[in-house]
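As structure tokens, the structure follows; a few thoughts come after it.
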């Protein structure tokens, strides 16, 4: 109890709260710009924490972290461009909702879902950190590969108009992920002698090129609309704070399920928000009575994606606090900031520095409140983006994408890649290929390959994938997931036949 | 109505061409993956996963090609080529965007971020904007802010140096 009170006193000190306020604001802004990720925002914050007390520094970074997970939804909803990889699924419903004239509701739904997602993940973090961490660390490459196979079946929910083109897009994504150095042995692959391909295609550059450049190019297709100064989004720019809060709370099952998915995926080292939002979206669609409404601007889609990605913030801290293993790049930076202050992160962290750990729990809760407060107060200003004409927004966001891609690795060759991938993405979009499965393929490809090869390197017996209980469980879930998708497709075909020919 | 069907058919022909192009690339990479030597330390080599991916992609693309060829009437191909010009004309601003982006990205390392960005933003915004003095003034001000202003912000605040030119 003493540790809890000491931690609370440090986090709730006015200086820390002011720092967290600015941190949260900076996280939201950084993530709202396509190309700038939460990781980059945290890296830029790290040097500022060197002169602070350990808990003050970590609280500031957590506020950037939580703010960043929410900020991605702003450009996802208003521009149709995921601000960060973790808000890919948010674009599916938030953007159509904004385009239908409800940008305020779309943003508000995302903000509230993010808030509740973070709160739920903090509660789970407090009570379940040690057992969950031990479970997550016991998983071997067999279980990881089986998990990725299950995650790949999400493609069935993201295919759009054609299952065939969806599968082709997913395979293109996996193929893109094989370009560059092989993840196990470092052998060069498919670089065609070009230096810019030798290091592989950076995931973020692919994401920006595929989603942002193609979306921005689509915005200028209608020449008359752009020449007359048409706005990006027209309609009611009201935030409707409390009405939307009730709307989110009216979906408790979706909210809790998506948050728990976020926590579980966040707790697995190597996975994170970029996968959690898609898995949560997929599960919400499968559980829904109206799966056909997903992708057209349904609130359930926004709630699932945003609760899922925000909950990974708490999930990622589980292995960090319980075992000293960072679950993602952001957690590794958090760990580094503790180590700078001479705090050794490991299983004894909670025993040796109880005040720090309890302080982190409190900082998570305070950060989510701070994020909510900032969003409610300043969202009207963000919504003004929707009132800016397209001829202003399109070129400026293009520049932001270019700056974001360059700042990632400080490599000029990434800029050329961005241009090529943007053109390729626009071509695919024009040909009605769904882009989300492609991005999923790029995310999951290296994890699938590494774990498949690692598993067989450890033991060449393929049957282990089926005899290890957790691996088998994921593979059965993958089979069930495919069966469910096939059933859905057959059912919709039958419905179409009946509606075309009502006499028979 | 026949117009919509023809447009749909032209779209299907374009998709068929995309399947063929992707098949050619994928088949080439499949063959290259087979030449990657396997390691003595593992069962699967660096080429195994790409072979699996491209093998599946080739099978999917062949299925898509066969399906499209069976579905499309012969006249659709002729109509597709006559529709290309019309399609390109209706999307001329998209070509302007990609043209400007290409020039911008390739000149940035030479002339530096601030000048390249200023020129890119000014040209693109003035091309798109309604032809009024106010719009031109706004375009120029925004071009300065997001070129020289952003460059200063990154260098002074974040210590990230955008390309400075040769």
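The values are calculated or read from the model by the stated rules, or taken from the named source; none is laboratory data. Remember, predicted model here, so these are calculated numbers, not experimental data. Positions of Cβ are backbone-derived with ideal geometry, glycine not excepted, and every protein chain shown enters the neighbour counts.
Looking only at residues in segment A:431-441 that are buried (at least 21 other Cβ atoms within 10 Å of the Cβ) and not in a helix (DSSP H, G or I), the one that is nearest to the other protein chains (Cβ to nearest Cβ) is A:433.
For segment A:157-170, state whether one or more residues are within 18 Å of the chain's Cα centre (by Cα), under 30 Å from residue A:492 (Cα atoms) and at pLDDT below 80. Checked against the condition, which is being within 18 Å of the chain's Cα centre (by Cα), under 30 Å from residue A:492 (Cα atoms) and at pLDDT below 80, segment A:157-170 yields at least one hit.
If you check residue B:130 against the conditions, is it part of a helix (DSSP H, G or I) and either at the interface with chain A (Cβ under 8 Å from one of its Cβ atoms) or crowded, with 16+ Cβ neighbours inside 10 Å (or both)? So residue B:130 fails the test. For residue A:420, the conditions (1) over 25 Å from the mean Cα position of the chain (by Cα); (2) surrounded by fewer than 23 Cβ atoms within 10 Å (Cβ to Cβ); (3) modelled with pLDDT of 80 or more are fulfilled apart from (1).
When residues in segment A:185-200 are screened for being facing chain B (nearest Cβ under 7 Å) and over 20 Å from residue A:419 (Cβ atoms), 3 of them pass. Sort out which residues of segment B:21-47 are in contact with a helix residue (DSSP H, G or I) (Cβ under 6 Å, 6 or more places away or on another chain), assigned to a loop (DSSP other than H, G, I, E, B) and more than 7 Å from chain A (Cβ to nearest Cβ), and write them in order of number. B:47 - this is the single residue of segment B:21-47 that is in contact with a helix residue (DSSP H, G or I) (Cβ under 6 Å, 6 or more places away or on another chain), assigned to a loop (DSSP other than H, G, I, E, B) and more than 7 Å from chain A (Cβ to nearest Cβ). Candidates A:377, A:397: the one that is in a helix (DSSP H, G or I) and within 14 Å of another protein chain (Cβ to nearest Cβ) is A:397. When we screen A:455, A:427, A:407, A:381 for residues that are modelled with pLDDT of 85 or more and surrounded by fewer than 23 Cβ atoms within 10 Å (Cβ to Cβ), the only hit is A:427.
Which residues, counting only those in segment B:103-124, are surrounded by 17 or more Cβ atoms within 10 Å (Cβ to Cβ), more than 7 Å from chain A (Cβ to nearest Cβ) and free of Cβ contacts under 8 Å to residues at least 12 places away in the same chain? Of everything in segment B:103-124, nothing turns out to be surrounded by 17 or more Cβ atoms within 10 Å (Cβ to Cβ), more than 7 Å from chain A (Cβ to nearest Cβ) and free of Cβ contacts under 8 Å to residues at least 12 places away in the same chain. Screening A:444, A:428, A:383 for residues that are more than 7 Å from chain B (Cβ to nearest Cβ) and farther than 30 Å from residue A:111 by Cα leaves exactly one candidate, A:428.
Hey, any hits in segment A:185-197 for a residue that's crowded, with 20+ Cβ neighbours inside 10 Å, in contact with a helix residue (DSSP H, G or I) (Cβ under 7 Å, 6 or more places away or on another chain) and within 20 Å of residue A:74 (Cβ to Cβ)? So far as segment A:185-197 goes, no, none of its residues is crowded, with 20+ Cβ neighbours inside 10 Å, in contact with a helix residue (DSSP H, G or I) (Cβ under 7 Å, 6 or more places away or on another chain) and within 20 Å of residue A:74 (Cβ to Cβ).
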